[in-house]
1. In segment 346-379, what count of residues is obtained for those that are within 29 Å of residue 85 (Cα to Cα) and within 20 Å of the chain's Cα centre (by Cα)?
2. Are any residues in segment 226-259 surrounded by fewer than 20 Cβ atoms within 10 Å (Cβ to Cβ), touching a helix residue (DSSP H, G or I) at 6+ places or on another chain (Cβ under 9 Å) and of a type in the set (D, E, K, R), and if so, which ones?
3. Of the residues that make up segment 118-126, is at least one crowded, with 16+ Cβ neighbours inside 10 Å, assigned to a loop (DSSP other than H, G, I, E, B) and among the small types (Gly, Ala, Ser)?
4. Looking at (1) within 18 Å of the chain's Cα centre (by Cα); (2) over 15 Å from residue 266 (Cβ atoms); (3) not in a strand (DSSP E or B), find the lone condition where residue 129 falls short.
5. In the list 309, 326, 317, which residue meets the criterion of being more than 18 Å from residue 432 (Cβ to Cβ), touching a Leu at 6+ places or on another chain (Cβ under 8 Å) and in the same structural domain as residue 109 (by TED's automatic domain parsing)?
6. Is there a residue in segment 170-187 that is surrounded by 15 or more Cβ atoms within 10 Å (Cβ to Cβ), in the same structural domain as residue 303 (by TED's automatic domain parsing) and farther than 26 Å from residue 298 by Cα?
7. Return yes or no: is residue 75 touching a residue at least 40 places away in the same chain (Cβ under 8 Å), outside any helix (DSSP H, G or I) and either more than 24 Å from the chain's Cα centre (by Cα) or on the phi > 0 side of the Ramachandran plot (or both)?
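The values are calculated or read from the model by the stated rules, or taken from the named source; none is laboratory data. Keep in mind that what you see is a predicted model, and the values were worked out from it rather than measured. FYI the Cβ positions are ideal-geometry reconstructions off the backbone, even for glycines, and counts take in every protein chain you see.
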Amino acid sequence: MTSQATQPQYRLEQTRKVSAFPGPKSTELAARRAKVIASGVSSSAPVYVADADGGIIEDVDGNRSIDLGSGIAVTSVGAPAPAVVAAVQDQVQHFTHTCFTISPYEGYVAVAEQLAVLTPGDHEKRTALFNSGAVAVENAVKVARVATGRTAVVAFDHAYHGRTNLTMGLTAKANPYKSSPAGSFGPFAPEIYRVPMSFPFREEAPIKGEDAARRAITMIEKQIGAENVAAILIEPIQGEGGFIVPAEGFLPALAAWAREKGVVFIADEVQAGFCRTGDWFASDHEGVVPDIITMAKGIAGGLPLSAVTGRAELMDTVHAGGLGGTHGGNPVACAAALAAIQTMKDLDLNSRAREIEAQVRERRSKVAEEVGIIGEERGRGAMLAPEFVKSGPAETTKEPNAEATKAVAANCLENGVVILTCGTYGNVVRLLPPLVIGDELLADALDVLEAATRAAA
């Protein structure tokens, strides 16, 4: 049951309602879109949003869908959260922009103060604010290279870090992020090396987290040389790659090796951060303290903001003017972030994420046993995912089943539940509900997902 601390006030009725889908107004907007929007910009849903609140998205034709995507883990506090609305309204009445690198303001400083407290570790920290997760990752790498005087960056199988040139190179999945039948976005930035991730479900044989870390470390030492590595960059729980949770011990072992070798350990918490996994950050689960942590998505209640927070002695190696950007740490986005963070505290959204996990796992474990096309239900907190596989005459296999995944997503969407797919093999459904979603609405969404899963099976 939802705890008393997590009883937000909703503006829209928190019920699902689907009639014409897509309706006439969405159909008209789609025709307008086709004339002016680049075809490379795609959308999962064929309907256009008019309003959103709590766990509901309402389209221009009045259909109400349950949101299990949160704009890809962005609107964790709701869309919109009342405190975020109030903070933004107050800020825009004063000023919307000055550029912090020209005329600074308190909001930027206040966000940095919050991040110094919330991010793992009690060491002295410094923060720089940006606009997106990809830009945060780029700047974290810049800091690591300057601080170490080295150039090599180690990333992992199944990783996703963004769509800029450097972050495309860091990302493991080619289509649609790095190339497609239409051609490649490369060449990509050099000095990027990839090593195996700990992926318990898809290991050829069971392997402990420490041993999986040793496998990766051996590759680094033999093929790159520790003395050449500026940074290890890793998502503590991988997002686009398939919500992959590494085996216990994997992250601590990597972090310990990095510390011993003078390598900067960067945790990309763009998707997993800010209460999404039941902790402020996914790194907290095993007590991992990154040297640098990158953040975005859930930080500001839907406004574009990202951050790089790291050890003071690392961050301060960059010369004055070496970090920044015109819109980095925009004052309106900073106001939204402060309000979003306070909402997370007031509603105890870490606890709420754990409650959501308990409810989803109880329901999904029964379904997985019965349908025979779910290889694994994994994740943590309100960052959960079933991986769909093919079933043989006698048993479930591990062969990816992207067809079933697409069918489940389409079925859910037609019945008023917005879910997202992901995974290197395109066979994972990711569940990222707003952390303020109510129990009844979540149960309704899980009913629809269960029916779609059974239909696909």
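1. Taking segment 346-379 as the starting set, the residues that turn out to be within 29 Å of residue 85 (Cα to Cα) are 346-357.
So of that shortlist, the ones also within 20 Å of the chain's Cα centre (by Cα) come out as 348-357.
Count: 10.
2. 227, 248
3. Within segment 118-126, the subset crowded, with 16+ Cβ neighbours inside 10 Å is 118-121, 125-126.
Applying the additional criterion that residues be assigned to a loop (DSSP other than H, G, I, E, B) yields 119-121.
Restricting the remaining residues to those that are among the small types (Gly, Ala, Ser) gives 121.
Yes, the conditions are met somewhere in segment 118-126.
4. Failed condition: (3).
5. Details: 326 fails: touching a Leu at 6+ places or on another chain (Cβ under 8 Å); 317 fails: touching a Leu at 6+ places or on another chain (Cβ under 8 Å).
309 is the lone residue from the list that is more than 18 Å from residue 432 (Cβ to Cβ), touching a Leu at 6+ places or on another chain (Cβ under 8 Å) and in the same structural domain as residue 109 (by TED's automatic domain parsing).
6. First, the residues of segment 170-187 that are surrounded by 15 or more Cβ atoms within 10 Å (Cβ to Cβ): 170-173, 177-178, 185.
Narrowing the set further to residues that are in the same structural domain as residue 303 (by TED's automatic domain parsing) leaves 170-173, 177-178, 185.
In the following step, the residues that additionally are farther than 26 Å from residue 298 by Cα were identified as 185.
Yes, there is a match, as at least one residue in segment 170-187 is surrounded by 15 or more Cβ atoms within 10 Å (Cβ to Cβ), in the same structural domain as residue 303 (by TED's automatic domain parsing) and farther than 26 Å from residue 298 by Cα.
7. On the way: touching a residue at least 40 places away in the same chain (Cβ under 8 Å): yes; outside any helix (DSSP H, G or I): yes; either more than 24 Å from the chain's Cα centre (by Cα) or on the phi > 0 side of the Ramachandran plot (or both): no.
No: the conditions fail for residue 75.
Residue by residue, here is whether (1) touching a residue at least 12 places away in the same chain (Cβ under 8 Å); (2) out of contact with any Phe, Trp or Tyr (no Cβ under 8 Å at 6 or more places or on another chain); (3) over 22 Å from residue 292 (Cβ atoms) holds:
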{"residue": "136", "(1), (2), (3)": "yes, no, no"}
{"residue": "144", "(1), (2), (3)": "yes, yes, no"}
{"residue": "160", "(1), (2), (3)": "yes, no, no"}
{"residue": "165", "(1), (2), (3)": "yes, no, no"}
{"residue": "170", "(1), (2), (3)": "yes, yes, no"}
{"residue": "180", "(1), (2), (3)": "no, yes, yes"}
{"residue": "191", "(1), (2), (3)": "yes, yes, no"}
{"residue": "195", "(1), (2), (3)": "yes, no, no"}
{"residue": "198", "(1), (2), (3)": "yes, no, no"}
